[in-house]
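Input: a single structure, listed below in C-alpha cells.
The values are calculated or read from the model by the stated rules, or taken from the named source; none is laboratory data. From a predicted model like this one, the values you see are computed outputs, not experimental measurements. Cβ coordinates were reconstructed from backbone atoms using ideal geometry, including for glycine residues, and neighbour counts include every protein chain displayed. Heavy atoms of the whole protein, side chains included, go into the accessibility calculation; ligands, DNA and RNA do not. Shrake-Rupley method; radii C 1.70, N 1.55, O 1.52, S 1.80 Å.
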Amino acid sequence: MSGPAPASDAVSPRLGARAFGAHAGRAGRGGSAWPRRRWRVTPLGVAAALYFALVAFLAVGYILVPALRTAAISLDGRGLAGLATYAGFLSDPVNQTAVLNTLAVGAASTLTCAVVGIALAVYVRFFCTRHRRLLQILLMSPVMIPGVVIVVAFMQLYGESGMVTRALGALLGADRPLLSFGGFGGIVFVITYTQYVYFYLNVYTALQYVDANVVESVRSLGGGMGRVVRDAVLPVVRPAVIVSAMTTFVSAVGSYSAPALIGGTYRVLSTQIVLAKVNYDMVLASVEVMVLLAIGVAATALCSALARRYRVAAGARAVYWRPDVGRSRVARGLFTAFVAVQLVVVLLPVAVIFYLSLMSTQSIMTEVFPTGLTLGNYEAVLTNPRTFRPLGNSLVMALAAVGAGLALTLPVAYASRKGKSLPAAVLEGLLMLPWCMPASVIAIDLINVFSGPSPFSLGRPLIGTFEILPIAYAVMALPLLLNASRVAVGGVRENAEEAARSLGAGPARTFAQVVLPAIVPGVLAGAILAFVRTMGEYTMSALLYGVHNRPIAVSIVTTMQEYQIGVSMAYGALVIALCCVLLFAILRLDAARLGVEDAPRRRRARGAGGAKPRGVDAPGCAEEADEGQAALPPEK
Amino acid sequence: MADIALESVTCSYGGAPVLCGVDLTIADGELHTVLGPSGCGKTTTLRLIAGFLRPDSGRILMDGADITHLPPEKRRMGVVFQNYALFPQMTVAQNVAYGLRVARRPKADAARAVADYLDLVGLADLADRNAMELSGGQQQRVALARALAPEPRVLLLDEPLSNLDAELRQRMREEIRRIQRQVGVTTLFITHDQQEALALSDAVSVMHAGAIAQTGAPREVYEHPADAFVAAFTGEVNRIPGAGPDGGEALVRPEALRLAAEPGPRALLTGRVAVARYEGFATRYEVVCEGAGEGVAVLRVGVLMLNDGRSPVFAEGDAVAVERA
C-alpha cells in the first residue's frame, strides 16, 4: 500500500514501535531501524518477539524449505550436474507437448478471459442502466463458487451425456454427440467462464478512474472518439489489463481440475505432475513443478515490469466519465444480447446443479431432462454419516486453515502498519510467496518435505495425517489473508490510535476499541473469501487427501465418477448454498465498511479525488486493484 | 492545568537528527505557538510532549515532574490532529465521551460534560450524528471537544486549521482563542502560518532546523527578530547593509520604512521606484537602490505605506529616498 506521505512536518518514528520489542523498529515509511539503545524489555515486547519468531519458523518450514527441497530433488540430488534431468525432461516429446499445451492453454484462456471480462466491464460501467448491482453480483459469483463444482456442472451440461449435448442431439436427430466438449477447447471454455472475473473486476474498477476532464480536454483540443480512447481511456485501463492478464495466465497454467476432468488425453503440466506423483516419481514431479513454477514466475515478472512501465497516477480531482452511449440502439441491443448470453453461460451451471441435485440418479442417467422431484440425494448426504463426512471434513479443515492463516498474517500486517523494517519485509515476502505457486506446486513441495520426518513437524511425517490438508490450505490462503489484513489495517484512520492513547486508553484498550472495529469487516471479508476458496480447493485435495480427511471437492468428483451423480450434485448444491450465504455476508460487511470508511484518507492514498461510486465486491481487495495489483490471487 | 518544560531534548529518526537540543518552556495557562517551516521538527516536538515519541536525550517536565518516559495515556494531554482522527464508528457524542468513558467518569457526569463541551464548540444539535457525516470544520470542532472533555492538563494542537479553507480558518482561529481563554488550559499550537501564530498566541517559539530560534511575545518576535531566519519567517523583511546599530546589517520590515521625494537626515538609501502596487488600504513599493553597500550591486527594498491621505504617493520611475518611518 502506498499510503499518503506523512503530512506532518518531520518524518517521525511512531507510537507503538517499542511495543514490539525485539521485532526491530519500524517507523515511518522509508525509515530504517529504531535505534537499538531504546529497546526496552517489556512483557508485550517479549511476547511479540516470540510470536514473530514462531511465524518466521512456520513460514520457513512450510513454504521456503519445501520449495528449496523440491528444487534440490528436481536436480536429483546431484547439484548443478542434476541439470541434466532438465535437459532430459525437455528433450522428451511427451514433455515438450505438455509444456507447449500448458502455454497454449494459458495464452488462449487469457485472451478469451480478456474479451469476456473487458466486454462485461464496459457494459456494466457504461451501458447498464437498470439492475446494475444485481448484475454485478451475478457476474462476480464465479469468485464465490468453487471451480471444481462449476467444472462438474459444465460436464453435466456439455459433456458426452450432458443435457445440452443430448438435447441438441435429440433435436437434430443425430446419432452421435454434436458437441465435443473436451480437450483444448473445453479446457479454455471452462477456464474462461470461471476466471474472467479478474479482467471484469480490474477493468471495471479502472474505468471508474477515467477522468471526464481529461476526456473533455482531448475533445476540446480537437481529438475524436478514437483519440479519447487512445489518450484518455487506454492509459488508465492498461495497467488493469496487464495485471489481469498476469493473474489469469498464472491461474490458467496452474489449473488442474479442468484439464483433469475434461481434458481427456490433452496433457498439461499440472496433470503430468499428478501423474508423476501417482507413479511415485518424485524427481519427475519435482522437475515438472519447477518448470511450471518457472513459467508462472516468468509471466509474473514480465507483467510486473509492464505494469511498472505503464503505471499511471490518477488525477488530483478526477471526475467520473460517463460517455453518451445511448445513441445507437442497434449497437446497444447487440451488446445487451452478448452480455445476456454470457450471463446465461455463467449462471446455467449453478442452475443445473440445483436442478440435478433434486433428481434421482437413475432419472439423470436415463432422461435428457430428468423429472421426478426428490430430496433423496440431500437425505443421503446429510443423514448418512459416511457420505456426510467429506462435508464435515472440509468445513473443519477450511475453518482451521483460515483461522491459522489469520493468526499468522494479521499480527504481521498490524505490526508493520507504519512502515516496515527489513525483517518484517522479509517475513511478509515469505508469506506472500505462495501467491506465485500453483496449487500442485504447493502440494508437491509439502510432499517432498513431509513424507518423512522433519524438524518443522517435530520429527513426524505429515503425509497421510489429517493435518496435512489444513496446512496446505493455510499455505495457499496466506497471501490472500495477508493482503486483506494489510488493506484493513491500512484503513484505520491515521492518528486514531494516538488519539485514543492521548485520551487515556492503554494499548490493549486502543486495539480493542479503535483498531478492531475498523479492521474486522475487511479482515472478515478476506477470511470468508479464503474459506470459500478452501472449501472448493481440488488440486491439493486430490494430491494430499487420505482416509482421514477426504474433502468435499474430492467427493464431488469421485461420486460423479462412480455414477452417483445425484449425490455429487447435492454436494455441489450444498457448497454453493454455503458460498451464497457467505457472499451475502461479504456484501453486508462491505457495506458496513463503506459506511464507516474514512474517505479523505483513502482518497489521498489513491490519488483520486471526489467520492467514488465503488464497484462491488472484491471484498477487502478492491483497493489493491487500484494500485496495479491483482485484486484476487490466482485460483488454484 | 500545568506548565511544560523541555530541557535540551534531542530526537533522531533513522539516524537523522530531527531535534538537536530543544529548550522550551510553556507557562501555565498560556497559548504557546511553535511556528516553523515544514521539516523543522515542530510536529516531532508535539509528539514528544504527547508521549508518542521518546527523546534520545533530554527531559520533558510537567509541573516540574519528569514525564519523559510516561506513556501517553498517563499524561492527560488532549491532542487535536491535523486530520482530526475522529473514531469513525462512533457518533459525535460518543467521540467526545470517549476520554470520559476511559476515565470511568460516572454516566450522568459524563453526559453533562459531553453536552457542555459540545455546547462550547457549537455542535450541541449534532450530538447523535455519525462523526464522518460532518464537514471539515465541524469535525475539527468535535476533535477539539473530544480533546477538552476529559479536562486535560495540556492541550496540543497539531496544525489543526491546515485542512480548512481560508475563511473557515480565520473563524476557527478566533474560536480556538475564545475557547482556550474560557477553559484556561495550557495550550501548545503548532503551525507554519505566521499570521495564525502572531494573531493567536501569548507566546511564539520560532523553530528552525530542529532548534528553537527565538521565543517571545508575538510583538517581540515580529518587531525584534533574533536573526534573519526569524525575521523572514514571521513576515516580509528587508536586509539593509550598514544600517544596523553597529554598522552591520539591519532587518527592517516594509511598514517600518517610508519613501520621501528628497533625501532627508534619516534617509537610509536612495533609489528609483520599480513597482508601485496599490492594495487598497496601503501601497506597496519596490525600490531599486544602487550602491547600497560594499559588494551589493543592486538592492531591492520593499516599502509599505498606508493610504491614510497624509503619506505622499509615488509613481513607478520616481526617484525616492528610503527612510525609517
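Would it be correct to say that residue A:464 is open to solvent by 20 Å² or more (accessible area, probe 1.4 Å) and in contact (Cβ under 8 Å) with a residue 12 or more places away in the chain? Write out each step before concluding.
On the way: open to solvent by 20 Å² or more (accessible area, probe 1.4 Å): yes; in contact (Cβ under 8 Å) with a residue 12 or more places away in the chain: yes.
The answer is yes for residue A:464.
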Does region A:160-169 contain any residue that is open to solvent by less than 30 Å² (accessible area, probe 1.4 Å) and hydroxyl-bearing (Ser, Thr, Tyr)?
-> yes
Quick one: which residue in A:149, A:124, A:215 is buried (at least 17 other Cβ atoms within 10 Å of the Cβ), assigned by TED's automatic domain parsing to the domain that holds residue A:105 and over 29 Å from the mean Cα position of the chain (by Cα)?
-> A:215
Residue that is farthest from residue A:493 (Cα to Cα), among those in region B:72-91 that are open to solvent by less than 10 Å² (accessible area, probe 1.4 Å) and more than 7 Å from every other protein chain (Cβ to nearest Cβ) | B:75
Checked against (1) over 24 Å from residue B:54 (Cα atoms); (2) touching a residue at least 60 places away in the same chain (Cβ under 8 Å); (3) open to solvent by less than 30 Å² (accessible area, probe 1.4 Å), residue B:163 satisfies every condition except (3)
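Say whether the condition of being assigned to a helix (DSSP H, G or I), in contact with a helix residue (DSSP H, G or I) (Cβ under 8 Å, 6 or more places away or on another chain) and over 19 Å from residue A:587 (Cβ atoms) is met by at least one residue in region A:126-138.
In the first step, residues of region A:126-138 are kept if they are assigned to a helix (DSSP H, G or I); the result is A:126-127, A:132-138.
The next check asks that each one be in contact with a helix residue (DSSP H, G or I) (Cβ under 8 Å, 6 or more places away or on another chain); those that pass are A:126-127, A:132, A:135-138.
Subset that is over 19 Å from residue A:587 (Cβ atoms): A:126-127.
There is at least one residue in region A:126-138 that is assigned to a helix (DSSP H, G or I), in contact with a helix residue (DSSP H, G or I) (Cβ under 8 Å, 6 or more places away or on another chain) and over 19 Å from residue A:587 (Cβ atoms).
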Checking residue A:559 against (1) part of a helix (DSSP H, G or I); (2) more than 14 Å from every other protein chain (Cβ to nearest Cβ); (3) closer than 24 Å to residue A:475 by Cβ, which test does it fail?
-> (3)
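Would you call residue B:226 under 32 Å from the mean Cα position of the chain (by Cα), of a type in the set (Gly, Ala, Ser), under 21 Å from residue B:195 (Cα atoms) and assigned to a helix (DSSP H, G or I)?
No.
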The condition from (1) touching a His at 6+ places or on another chain (Cβ under 7 Å); (2) open to solvent by less than 40 Å² (accessible area, probe 1.4 Å) that residue B:225 misses is numbered (1)
When residues of region A:397-446 are limited to those that are touching a Gly at 6+ places or on another chain (Cβ under 8 Å) and not basic (Lys, Arg), the one modelled with the lowest pLDDT | A:419
Evaluation of residue B:12 against (1) more than 8 Å from every other protein chain (Cβ to nearest Cβ); (2) without any contact (Cβ under 8 Å) to a residue 60 or more places away in the chain; (3) open to solvent by less than 50 Å² (accessible area, probe 1.4 Å); (4) polar (S, T, N, Q) (one fails), failing number = (1)
Return only the number of the condition from (1) aliphatic (A, V, I, L, M); (2) in contact with a strand residue (DSSP E or B) (Cβ under 6 Å, 6 or more places away or on another chain); (3) surrounded by 14 or more Cβ atoms within 10 Å (Cβ to Cβ) that residue B:256 does not satisfy.
-> (2)
Residue list for region B:36-71, restricted to those being surrounded by fewer than 16 Cβ atoms within 10 Å (Cβ to Cβ), facing another protein chain (nearest Cβ under 10 Å) and either touching a His at 6+ places or on another chain (Cβ under 9 Å) or not in a loop (DSSP other than H, G, I, E, B) (or both) | B:37, B:38
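Residues are listed down the side, and each one gets a yes or a no for (1) modelled with pLDDT under 90; (2) open to solvent by less than 20 Å² (accessible area, probe 1.4 Å):
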{"position": "A:251", "(1), (2)": "yes, yes"}
{"position": "A:259", "(1), (2)": "no, yes"}
{"position": "A:262", "(1), (2)": "yes, yes"}
{"position": "A:268", "(1), (2)": "no, yes"}
{"position": "A:287", "(1), (2)": "no, yes"}
{"position": "A:305", "(1), (2)": "yes, no"}
{"position": "A:314", "(1), (2)": "yes, no"}
{"position": "A:335", "(1), (2)": "yes, no"}
Any chance residue B:141 is open to solvent by 20 Å² or more (accessible area, probe 1.4 Å), free of Cβ contacts under 8 Å to residues at least 40 places away in the same chain and within 13 Å of another protein chain (Cβ to nearest Cβ) | no
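Is at least one residue of region B:19-35 outside any strand (DSSP E or B) and within 13 Å of chain A (Cβ to nearest Cβ)? Spell out the reasoning first.
In the first step, residues of region B:19-35 are kept if they are outside any strand (DSSP E or B); the result is B:27-30.
Okay, now just the ones that are also within 13 Å of chain A (Cβ to nearest Cβ), so none.
No, region B:19-35 contains no residue that is outside any strand (DSSP E or B) and within 13 Å of chain A (Cβ to nearest Cβ).
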Can you tell me how many residues in region A:501-520 are open to solvent by less than 10 Å² (accessible area, probe 1.4 Å) and more than 7 Å from every other protein chain (Cβ to nearest Cβ)?
-> 3
